[in-house]
Amino acid sequence: MSLSDTVAEAPPVPRGPDGQGRARRREPRTYDFRRPTKLSREHVRILQIAQESFARQATTTLTSFLRTGARMELVGIEQFSYDDYIATLPPSYFLAVFTLEPLPGKGVLAYPLDTAMAMVDHMLGGSGGDEQPNRPLTGMESALTGHLIERLLGELAEAFAAITPLQPVLDGVEYNPQLAQAASGSETVMVATFGMRIGSREPDATLLLPFTSFAAALNNAASPQLSESARHKRQRAYEALTERLGDVPVDVSVRFNPLEVPSGDLLSLAVGDVLLLRHAQDSPLQVTTNDVTFAHALPSNHRRRLAAEIVPHTAPGGKDH
């Protein structure tokens, strides 16, 4: 995990497997230049609005389905690699994997397994007590949970409608995070952490979405909608900048073709030695700036000063450039 993986506006992190929140991380962390931050502040703000809307709608859905006090609220949004996200989860967990049609990739809605069992208990009229079995769901339990997940995915589609059209569909459920192949290990993912309350339980849930699937939509949503006058001002500024760039002075050199010389010969050079340039007398010189050759010239003079006359350059194939 690196500093680049965490977004400034979303410092909180997923709680531990026991459901207890860890203290906010304030200590410095190593910056990994191989994984630069991809979520900009504008991206986070856009996601925050959508995720908060999802949390409000999910609260209503959970309360209706479970017939008990329920709450879901956004805690933070973070950038992870998929492997780093999976590493934050305990070996036994409930992960609902879903597709994101028409976008590529898959998303994951994850929360503790005992919370999933408590939800089933509530839907069957139970109290959702503290002691819940630590096992995969049965066929009937899976059907009940699948119906709830599908409703939550519908709320997710509505919440993200302003960013991009979505038709998320439940693809499957995993109980071992290592088996949930929702993305490649190094893929950048966006993880929203939600604080939940289901009866007396207060677990955390995480919603994973692949960054590459939403990158274009987020960039479009982050682009400001300019008025006609604002566009004219921006165009005039662009034209003025382009015009002034033509007046910027740059260093220009006229040089012979580069020559490779053994380092031993260079070290042994003395006054009076002759260094063969191997540059034909009628061959044009190179006109360069910042080591980029942009023209060719022949030595000349102008008003008793040395000068360089720009000439066409004939390539080895015989074509002029």
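Looking at the range 103-124, which of the residues that are touching a residue at least 24 places away in the same chain (Cβ under 8 Å) and assigned to a loop (DSSP other than H, G, I, E, B) is surrounded by the fewest Cβ atoms within 10 Å (Cβ to Cβ)? Looking at the filtered set, the residue picked out is Pro104. Filtering the range 133-160 to residues that are surrounded by 15 or more Cβ atoms within 10 Å (Cβ to Cβ), over 29 Å from His43 (Cα atoms) and free of Cβ contacts under 8 Å to residues at least 24 places away in the same chain leaves nothing. If you take the residues in the range 62-95 that are assigned to a strand (DSSP E or B) and among the acidic types (Asp, Glu), which one is nearest to Met119 (Cα to Cα)? Among those that are assigned to a strand (DSSP E or B) and among the acidic types (Asp, Glu), it is Glu73.
Quick check on the range 165-192: of everything there that is of a type in the set (D, E, K, R) and under 21 Å from Thr212 (Cα atoms), which residue is modelled with the highest pLDDT? Among those that are of a type in the set (D, E, K, R) and under 21 Å from Thr212 (Cα atoms), it is Asp171.
Condition check: at pLDDT below 90, over 45 Å from the mean Cα position of the chain (by Cα) and over 30 Å from Phe160 (Cβ atoms). Does Gly318 satisfy that? Yes, satisfied.
Residue by residue, here is whether (1) closer than 30 Å to Glu78 by Cα; (2) in the same structural domain as Leu306 (by TED's automatic domain parsing); (3) surrounded by 11 or more Cβ atoms within 10 Å (Cβ to Cβ) holds:
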site	(1), (2), (3)
Pro210	yes, no, yes
Ala215	yes, no, yes
Ala240	no, no, no
Val248	no, no, no
Ser263	no, yes, no
Gly272	no, yes, no
Ala280	no, yes, no
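The values are calculated or read from the model by the stated rules, or taken from the named source; none is laboratory data. A quick note: this is a predicted structure, and the numbers were derived from the prediction, not measured. Using ideal geometry, Cβ is built from the backbone for each residue, glycine included, and neighbour counts are taken over all protein chains shown.
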